[in-house]
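Can you keep this structure in mind? I'll have questions shortly.
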Amino acid sequence: MTVPENDVTVRGANRGWKKTRLTELLGLDVPIVLGPFGGLSSVTLTAAVSNAGGLGSFGLYGYSAERIRQTVDQLRSLTAAPFNLNIWLDHEGASELHPTDDEFEAWLAPLKPYFTELGVPLPELPSQFLPAFDEQFESLLEARPAVASFVYGVPSAEVVDRCRRAGILTVGSATTVDEALALDDGGVDAIVATGFEAGGHRPSFLRHAEESLTGLFALLPQVVDAVSVPVIAAGGIADGRGIAAALTLGADAALLGTAFLATEESAASDVHKAMISSDDARRTILTRIYSGRLARGIPNRLYAELLPSADDLAPFPAQNWIAGRFKPAAAQQGNAGLMSLWAGQGAPLARGGSAAALMSALESETARNLAGGGHTPEFRTPRNLFRASE
Ligand SMILES: Cc1cc2nc3c(=O)[nH]c(=O)nc-3n(C[C@H](O)[C@H](O)[C@H](O)COP(=O)(O)O)c2cc1C
């Protein structure tokens, strides 16, 4: 079959694949969502994706109310398009973790050698590891983003209702069909179906994350069938083939994390980006070692050395906080061994470049794949990565 020119079939009166329930709700040009990155979001990346007609997201993990206000001011100076702000619900009482000095000392002990090696002073027990959910939520409400996304549970009826009254669409994240049903019952406006492949933390909340490991190809159509609201597919999607597949399986949008983490605008360090395009990125793992919660990344020296004492490490969010005191120094010193190298299984497909160039390529690749042209060689990932080291 002849492959039509990119977009010929989708521009104009008939927006074709770009017209989904989510793009209609939000007035987006394309059903492509940037994943939020707690700790690694950048306003330039978020704005670039929104300005290109997708939905840029910004992860507010750990942000105080004041920092949220400043971030939103910066975002608004860079884009007038809709964007999403993401916060973590207070799952398992994370914000209420108050160890004694002795407990904190015991949690710090396995990590002390890394502070010494990187020349970073040892931290003292903070008054809190994370800002309270309520503080973050009030600031988010004030900011009135087009979308508020939540991880680690079903936002309360009050949270959903207050967002609705402020004109903010709510999004929840599910790693199983049961979680998707709970979110649907909870009244959110859209649900992210997060496959096993996804980079970063597994936002499971009904069962242990280790028991919630369905791959996206199986999870997505089941969630689409189970819920009434639009579904956003996440996990391992990094090019137009993946987006076309997600839309074919019933998604109303595809959410990409790692592919954008590798772009120029991302706040990931150069060494992190280099690791995303390294051979090691072919074997990402799920581990609790870096943060106290199950998350996917590229294994490194920190993982290998802490694995034997995994049972003695601090729970979330203390482990994340303590390790977070020395990781920026490791990144600055180009030390990939002592950071968290969050990345999903699609990392080898990430191509870097600018976010605008990636958005444009994703759009034309998706159009081409959905137009029946299939995956033609010229749309293959430019780097022949898989043979590079053989
Ligand atoms: C560095 C990093 C940080 C992340 N932080 C968050 C976060 O704070 N909140 C959230 O909902 N998802 C977070 N995620 C998940 C992404 O938003 C997205 O769902 C995921 O990366 C999609 O899978 P992919 O990486 O395979 O594309 C994070 C992912 C990465 C790689």
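The values are calculated or read from the model by the stated rules, or taken from the named source; none is laboratory data. Quick caveat: nothing in here was measured; it's all calculated off a predicted structure. In this analysis, Cβ positions are derived from the backbone assuming ideal geometry, glycine residues included, and neighbour counts consider all displayed protein chains. Quick note on the areas: whole protein, heavy atoms, side chains included, nothing else; ligands and nucleic acids left out. Shrake-Rupley method; radii C 1.70, N 1.55, O 1.52, S 1.80 Å.
Listed here are the residues, each with its yes/no results for (1) more than 15 Å from the ligand (Cβ to nearest atom); (2) under 21 Å from Ala190 (Cβ atoms).
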{"site": "Trp17", "(1), (2)": "yes, yes"}
{"site": "Thr20", "(1), (2)": "yes, yes"}
{"site": "Leu26", "(1), (2)": "yes, yes"}
{"site": "Thr44", "(1), (2)": "yes, no"}
{"site": "Leu60", "(1), (2)": "no, yes"}
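What are the residues in segment 197-217 that are farther than 28 Å from Ala268 by Cα and in a loop (DSSP other than H, G, I, E, B), if any?
Leu206, Arg207, His208, listed by residue number.
While we're here: Would you point out which residue out of Ala81, Ala94 is in contact (Cβ under 8 Å) with a residue 24 or more places away in the chain, of a type in the set (A, V, I, L, M, F, W, C) and not in a helix (DSSP H, G or I)?
Numbers: Ala94 fails: not in a helix (DSSP H, G or I).
Residue meeting the stated conditions: Ala81.
How many of the residues in segment 270-290 are in a loop (DSSP other than H, G, I, E, B) and open to solvent by 30 Å² or more (accessible area, probe 1.4 Å)?
Residues meeting the conditions: 2.
Only residues that are over 24 Å from Glu24 (Cα atoms) and touching a Ser or Thr at 6+ places or on another chain (Cβ under 8 Å): list them for segment 186-204, please. Can you show your working first?
We begin by selecting, within segment 186-204, every residue over 24 Å from Glu24 (Cα atoms); these are 195-204.
Once the filter is applied, which keeps residues that are over 24 Å from Glu24 (Cα atoms) and touching a Ser or Thr at 6+ places or on another chain (Cβ under 8 Å), segment 186-204 yields Gly195, Phe196, Gly199, His201, Arg202, Pro203, Ser204.
If I filter segment 334-346 down to residues being closer than 13 Å to Gly257 by Cβ and in contact with an Asp or Glu (Cβ under 9 Å, 6 or more places away or on another chain), which single residue comes out as most open to solvent (accessible area, probe 1.4 Å)?
Only one residue tops the list, namely Gln345.
Search segment 357-373 for residues being surrounded by fewer than 19 Cβ atoms within 10 Å (Cβ to Cβ) and within 16 Å of Ala238 (Cβ to Cβ), and hand back the single one that is farthest from the chain's Cα centre (by Cα).
If we take residues in segment 357-373 being surrounded by fewer than 19 Cβ atoms within 10 Å (Cβ to Cβ) and within 16 Å of Ala238 (Cβ to Cβ), then Ser364 is farthest from the chain's Cα centre (by Cα).
Let me ask another. Being more than 18 Å from the chain's Cα centre (by Cα) and not in a helix (DSSP H, G or I) is the filter here, so list the residues in segment 54-78 that pass it.
Ser64
Something else about it: Any residue at all in segment 346-360 that's part of a helix (DSSP H, G or I) and hydroxyl-bearing (Ser, Thr, Tyr)?
For segment 346-360, residues part of a helix (DSSP H, G or I) and hydroxyl-bearing (Ser, Thr, Tyr): present.
So Gln222 fits all but one of (1) surrounded by fewer than 24 Cβ atoms within 10 Å (Cβ to Cβ); (2) within 30 Å of Gly334 (Cβ to Cβ); (3) not acidic (Asp, Glu); what number is the exception?
All conditions are met except number (2).
Then there's this: Output the residues belonging to segment 26-64 that are among the polar types (S, T, N, Q) and open to solvent by 10 Å² or more (accessible area, probe 1.4 Å).
If the condition is that a residue be among the polar types (S, T, N, Q) and open to solvent by 10 Å² or more (accessible area, probe 1.4 Å), then Ser41, Ser42, Thr44, Asn51, Ser64 are the ones that fit.
I need the full set of residues from segment 240-266 which are closer than 21 Å to Phe83 by Cα, of a type in the set (Gly, Ala, Ser) and touching a helix residue (DSSP H, G or I) at 6+ places or on another chain (Cβ under 7 Å), in order please.
Ala251, Ala253, Ala254, Ala259, Ala262, Ser266 - these are the residues of segment 240-266 that are closer than 21 Å to Phe83 by Cα, of a type in the set (Gly, Ala, Ser) and touching a helix residue (DSSP H, G or I) at 6+ places or on another chain (Cβ under 7 Å).
What do you reckon, is Val188 among the β-branched types (Val, Ile, Thr), more than 30 Å from Ala371 (Cα to Cα) and out of contact with any Asp or Glu (no Cβ under 6 Å at 6 or more places or on another chain)?
yes
Another question, if that's okay. For the structure I just gave you, tell me whether Leu302 is part of a helix (DSSP H, G or I), farther than 23 Å from Leu45 by Cβ and open to solvent by less than 20 Å² (accessible area, probe 1.4 Å).
It is true that Leu302 is part of a helix (DSSP H, G or I), farther than 23 Å from Leu45 by Cβ and open to solvent by less than 20 Å² (accessible area, probe 1.4 Å).
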